[in-house]
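These notes concern the structure reproduced below.
The values are calculated or read from the model by the stated rules, or taken from the named source; none is laboratory data. None of the values given here were measured: they were computed from a predicted structure. Cβ: placed from backbone, ideal geometry, glycine included. Neighbour counts: every protein chain shown. To get the accessible areas, we keep the full protein, side chains included, count just its heavy atoms, and leave off ligands, DNA and RNA. Shrake-Rupley method; radii C 1.70, N 1.55, O 1.52, S 1.80 Å.
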Amino acid sequence: MRVTAIIAAGGRGHRLGAAEPKQLLAVAGRAILERSVSTFLLHPSVDEVVVALPQELVENPPAYLRADEAAGARHAKPLRVVAGGARRQDSVANAFRAAASTSDVIVIHDAARPFASADLIARTIAAAAESGAALAAVQARDTVKQGRGQFVGATLPRDTIFLAQTPQAFRRSVLADALALADDVTDEAALAERAGHPVQIVEGEASNIKITTAEDLPIAEAIAKFSDRKTLPARTGRAGTGYDLHRLVAGRPLVLGGVTIPSDVGALGHSDADVVCHAVTDAILGAVGQGDIGRHFPDSDPRWKDASSVDLLARAVEMIAELGFEVGNVDVTVVLEKPKIRDHVESMRTILARVLKIDLARVSIKGKTNEGVDAVGRGEAIAAHAIALIRAR
Ligand code: MG
């Protein structure tokens, strides 16, 4: 199943009274929009992200949305920016047109809700895949009165009242039906309902607030600090391990830690098959719970076919930096029968230190043989083990 995320950031947020659009305001050090976009860019169920922005921002997008080399280096999945429309649903329609035609499910999210959890996004996508349409909503906690002028007209049964949030997700055909309606609405689920599609309710989150007025900002600050503390590593850091093995064959270069080492045989594989970089990349991604190198840089994707593994490692470092992490140290063991790597270790460490943006003293690389045992011992393969410590920046 392929999933496109649409971030609706087309509004200017006048109710907040700030000079700049509210989605660019920082909450606990990061822009609201950056927080929302990065949640989806890093979400394992999402394949691409389309952001609908006010026209003036499309012409001059913030750095974290720029589709130039800087952003390309940061994101392993496509990120597109489109101009929003007059109404929210027009913005969503513009973004929908820019979505990949192969997407099965479209998940729509308000930029002004930067605290939706990855779990909520996953549950909403799964419900939409099953039912056709789904939205996050929380049950009313307060007693709900229907007003008649200045008086209470009726007391509504609270257990039937749900307050809609985003994400809202739709199978492609359902969203197409919904957006074909011209009615003025405040969310896409309302259009899907009117188009006759059942919309499943997924239990939302109280912390998934919509930042609408200046009064919301201190609340958002508090939620940000709490949720950042949950996702960021403790002062002691977080560790990840990585392991990689490649076959050794004649006629291939032997690239380790970005250094080409004189050898009769080299590692077989896509890209340069650099086991040191691959193991370190996996260790770094593992430490922050972001899967592995294959998930972010699949070798089935032509973009990564001839990519240098040093570049992929640099992208992983950028990716964790976006999450607020940096590398503390790495330790690598290369298991290789021959040649000896001893004379090349310093060059490898120098390259890794530069890519990881840490002191040379924090990069350790050790060589070992497998004592003639197994395929590695017979010289048929090379393996590398890595551990990385990651900490908050
Ligand atoms: Mg590999």
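Give the number of residues within the range 359-373 that are part of a strand (DSSP E or B) and either surrounded by 14 or more Cβ atoms within 10 Å (Cβ to Cβ) or touching a Cys at 6+ places or on another chain (Cβ under 6 Å) (or both).
Qualifying residue count for the region: 5.
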Evaluation of Thr260 against (1) more than 12 Å from Ala388 (Cβ to Cβ); (2) polar (S, T, N, Q); (3) touching a residue at least 12 places away in the same chain (Cβ under 8 Å) (one fails), failing number: (3)
Residue match in the range 304-327 (condition: aromatic (Phe, Trp, Tyr), assigned to a loop (DSSP other than H, G, I, E, B), crowded, with 19+ Cβ neighbours inside 10 Å and within 14 Å of the ligand (Cβ to nearest atom)): no
Scan of the range 23-65 for residues that are of a type in the set (A, V, I, L, M) and assigned to a loop (DSSP other than H, G, I, E, B), ordered by number: Leu25, Ala28, Leu42, Val46
Residue list for the range 280-296, restricted to those being open to solvent by 10 Å² or more (accessible area, probe 1.4 Å) and either under 21 Å from Leu256 (Cα atoms) or hydrophobic (A, V, I, L, M, F, W, C) (or both): Asp282, Gly286, Val288, Asp292, Ile293, Gly294, His296
Test: Lys340 is within 24 Å of Arg252 (Cβ to Cβ), touching an Asp or Glu at 6+ places or on another chain (Cβ under 9 Å) and of a type in the set (Lys, Arg): no
Selection from the range 239-261 of residues that are open to solvent by 10 Å² or more (accessible area, probe 1.4 Å), of a type outside the set (Val, Ile, Thr) and away from the ligand (no atom under 15 Å from the Cβ): Ala239, Ala250, Gly251
Qualifying residue in the range 173-190 (condition: touching a Ser or Thr at 6+ places or on another chain (Cβ under 7 Å), modelled with pLDDT of 95 or more and not in a strand (DSSP E or B)): no
Filter result for Ala222 (away from the ligand (no atom under 16 Å from the Cβ), under 24 Å from the mean Cα position of the chain (by Cα), outside the structural domain of Gly328 (by TED's automatic domain parsing) and not charged (D, E, K, R)): yes
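Only one of His344, His385 is part of a strand (DSSP E or B) and not hydrophobic (A, V, I, L, M, F, W, C); which?
Selected residue: His385, the only one of His344, His385 that is part of a strand (DSSP E or B) and not hydrophobic (A, V, I, L, M, F, W, C).
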Pairs with Cβ under 6 Å, 6+ apart, first in the range 355-383 and under 20 Å from Asp264 (Cα atoms), second of a type in the set (Ser, Thr, Tyr): Lys368/Thr333
Selection from the range 104-131 of residues that are part of a strand (DSSP E or B) and not hydrophobic (A, V, I, L, M, F, W, C): His109, Asp110
Selection count, the range 262-291, where residues are under 20 Å from Lys77 (Cα atoms), more than 10 Å from the ligand (Cβ to nearest atom) and modelled with pLDDT of 90 or more: 3
